[in-house]
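Here it is, the structure in full.
The values are calculated or read from the model by the stated rules, or taken from the named source; none is laboratory data. What you are looking at is a predicted structure, and each value in this text was computed from that prediction instead of being measured. A quick note on method: Cβ atoms are made from the backbone with ideal geometry, for glycine too, and the neighbour counts reach across all protein chains shown.
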Amino acid sequence: MKLSELPPGRRARVASIDNATAELEAKLREVGFSEGDEVEMLTHGPFGGRTLAVRLNRSIIALRGPEAASIRVEDVS
Amino acid sequence: MNAFRLALVGAPNSGKSTLFNGLTGGRAKVANYAGVTVERRSGAFATPAGRSVELIDLPGIYGLTARSLDERIAVDVISGREGVDRAPDALLVLIDAADLRTHLHLALQLKALGRPMLLALNMIDLAERDGVVIDIPKLEARLGIPVVATCATRKAGRAALLARLDGLVEAGQAAPTGDGALTIAGLRSVQREARAIAKEAILKEPAMNKVTRAIDRVVLHPVLGPIVLAALLFLMFQAVFAWAKAPMDVIDAGFTGLGAWISTTLPDGLLKGLIVDGVIAGVGSVIVFLPQILILFAFILLLEASGYMARAAFMMDELMLRVGLNGRAFIPLLSSFACAIPGMMSARTIENENDRLTTILVAPLMTCSARLPVYTLIIAAFIPPTTVGLFGLQGLVMFGLYLAGVVSAVVVAFLLKRTLTRGRPQPLLMEMPTYKLPDPKDFVINLWLRGWAFLKRAGKFIFTVSVVLWFLASFPSSASGIRETYAGMLGSWLEPLLKPIGFNLEIAIALVPGFAAREVAVGALGTVYALQSSNDTNGLAHALQSAWSLPTALAFLAWYVFAPQCMATLAVARREMNSWRWTAFMMGYLLAMAYIAAGATYWTARWAGL
């Protein structure tokens, strides 16, 4: 599943960062996303909801759907 | 012996600015949103052993690949690239202790640069309150660099850090190796290593801060969130009007009393005229607005320091995206409500050059605090203090003026992004910090700095303008009205241009010095009208009521929503855009909008029979 498809309130684990340009992958990694990290969809933003608030470990990151779509997540085992 | 140069490096929101203030005592702006530190700031302090250190505060970075102007400055300084700054002797790296796992990779990237460094796990107090336990000796051993836990706001929390600095100074300069920019493969492996180290060093890591989660359930909610944002902004504008009333009346009475006392004490003559009509009427009519400006700044400071500002940017992202910008542009625009200058400078955190340019171009449309004196004066004089439903009509008009600025900024940005500054929408990636209670000491000092800056402007600048204007409006002769004076002669050149939009000679006179800074126009009106009515002690608002028609007053308000009347803003815009052409464009479009808006307001009001 893609991070962008994670329903609000659901937790998951980052499986991989793919389908991203090298530049986008670098950005996502620098802000902290990495394989094995715990993520949780907190909420979709207002007015159409393309902007997402995601918990990453103990931090909260704002990003948009298209970028979140390049983060592949799997169920917490 | 030269001071030891220590650069403060860390992610946005890791608390660099607060630590900087704590160590140096040199105060600077401290806030919570991404990338507030846009200027190079340095300060001095001494280690326990007495070695003097120059501390350099750098903009926040997530890694060593610089994208925005801000990050480029930070990375250039860290890697000692020529032309920016002399390379630092060592790095002081700050990481949020509450989430080591997410942030540790930055420390590893910096370590690879080969400069001596000290890692500070900051905000350890908040992390410990959450229940996070970190094995610091283990972390130190695995990283191979000294690690210390700090709490930037407290002296005790900084003691351990200071104690370790002498060791860092002793270690001296190591040979740096390269600029540290990593390939994507390199970044992946650094991250893997960082996660492995974090896993060993974190002994206990409970779920994230419960208070923040609870607040965010409301604040980030798709329906409740925008309501909270709108309510906060509305409260801010009502407060500016309602809470400031009492202290403003006191200040006003003080200046009126002072003027009356001097009037009776001094003999009639030039000196008395200069002091009473020039200095007291001019400077006094501006200082009266200090309470309003402090309330506005207090709100913005609290929004920043509490961590809400990044949430506001999140809320606005979707709307900004439709305009063609990204949510991050909301932060510079919101700070522009206080003053467009820091707003334009904080636009440096925007990665895309066209987006940054657009943000700067529309920043002056956000109603800055210098326009408050103008709005307040006119509203108090011409809008009746009745209530409409729950709200005062005066507050509503004020809100409407702010709204007019915001709406036109949206329209202008929309048009620009489709014509002159076209470009693809940029991705948003922004950390939203844990909520914090603002540090009272930090808050008071920041507020004091802003209030003091305003008073200094009133003191120096407005004083000078008031005196010069008093001279121009008193000579060669003011016996037969202002038209015979130098100021009147200057004003009458502008008068034909301004007459079609309802402005009279006095406004034309006040607009000229008003170009230096917006609030000066109020001081100038104060001086011009004080000279005309020698026995009117009811203040400027009263004088305006009898001299202006309602359509003129409304046109004057409309003019000020748009007019680019601030030399400092234009100068900073030129510096930030590095282009005279764009600056001329900005001034031109703003003037044109001001003229059209004032004219349209005037004729509509006339037509409506107001």
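Listed here are the residues, each with its yes/no results for (1) closer than 26 Å to B:Ala568 by Cα; (2) surrounded by fewer than 23 Cβ atoms within 10 Å (Cβ to Cβ).
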{"site": "B:Leu266", "(1), (2)": "no, yes"}
{"site": "B:Ile295", "(1), (2)": "yes, yes"}
{"site": "B:Phe299", "(1), (2)": "yes, yes"}
{"site": "B:Ser306", "(1), (2)": "no, yes"}
{"site": "B:Met345", "(1), (2)": "yes, yes"}
{"site": "B:Thr359", "(1), (2)": "yes, no"}
{"site": "B:Pro364", "(1), (2)": "yes, no"}
{"site": "B:Cys368", "(1), (2)": "yes, no"}
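Taking A:Gly36, is it at the interface with chain B (Cβ under 7 Å from one of its Cβ atoms) and more than 25 Å from B:Met316 (Cα to Cα)?
It is true that A:Gly36 is at the interface with chain B (Cβ under 7 Å from one of its Cβ atoms) and more than 25 Å from B:Met316 (Cα to Cα).
Still on this structure: Condition check: within 14 Å of chain A (Cβ to nearest Cβ), more than 13 Å from B:Gly10 (Cβ to Cβ) and among the basic types (Lys, Arg). Does B:Arg67 satisfy that?
Yes; evaluated as a whole, the condition is true for this residue.
Just to be sure I understand the filter: pairs with C-beta atoms under 8 Å, separated by 6 or more residues or on different chains, first member in region B:205-225 and more than 15 Å from A:Ala62 (Cβ to Cβ) and more than 9 Å from chain A (Cβ to nearest Cβ), second member in a loop (DSSP other than H, G, I, E, B) and not basic (Lys, Arg). Which pairs pass?
Note: pairs meeting the criteria are B:Val211/B:Tyr435; B:Ile215/B:Tyr435.
Filter the helices (runs of 4 or more DSSP H) completely within region B:269-363 down to those with at least 3 residues that are over 28 Å from B:Arg574 (Cα atoms).
Helices (runs of 4 or more DSSP H) meeting the threshold: B:270-273, B:281-287, B:290-306, B:308-323.
Now for a different question. Mind checking which residues of region B:127-154 are of a type outside the set (D, E, K, R), out of contact with any Lys or Arg (no Cβ under 8 Å at 6 or more places or on another chain), in contact (Cβ under 8 Å) with a residue 12 or more places away in the chain and in a helix (DSSP H, G or I)?
If the condition is that a residue be of a type outside the set (D, E, K, R), out of contact with any Lys or Arg (no Cβ under 8 Å at 6 or more places or on another chain), in contact (Cβ under 8 Å) with a residue 12 or more places away in the chain and in a helix (DSSP H, G or I), then B:Ala127, B:Ile136, B:Leu139 are the ones that fit.
Still on this structure, I have one more. Looking only at region B:504-523, count every residue that is crowded, with 21+ Cβ neighbours inside 10 Å, touching a helix residue (DSSP H, G or I) at 6+ places or on another chain (Cβ under 6 Å) and more than 15 Å from B:Leu372 (Cα to Cα) and tell me the total.
5
Say we look at region B:195-204 and pick out the residues that are more than 7 Å from chain A (Cβ to nearest Cβ) and not hydrophobic (A, V, I, L, M, F, W, C); which of these is nearest to B:Leu139 (Cα to Cα)?
Top of the filtered list is B:Glu200.
Being within 10 Å of chain B (Cβ to nearest Cβ) and of a type in the set (Lys, Arg) is the filter here, so list the residues in region A:12-33 that pass it.
Passing the criteria: A:Lys27, A:Arg29.
With respect to B:Leu455, determine if the residue is assigned to a helix (DSSP H, G or I), within 21 Å of the chain's Cα centre (by Cα), at pLDDT 75 or above and under 30 Å from B:Ile124 (Cα atoms).
In short, no.
Next question, about the same structure. Looking only at region A:55-77, which residues are crowded, with 22+ Cβ neighbours inside 10 Å and more than 7 Å from chain B (Cβ to nearest Cβ)?
Listed by number, the residues that qualify are A:Ala68, A:Ile71, A:Val73.
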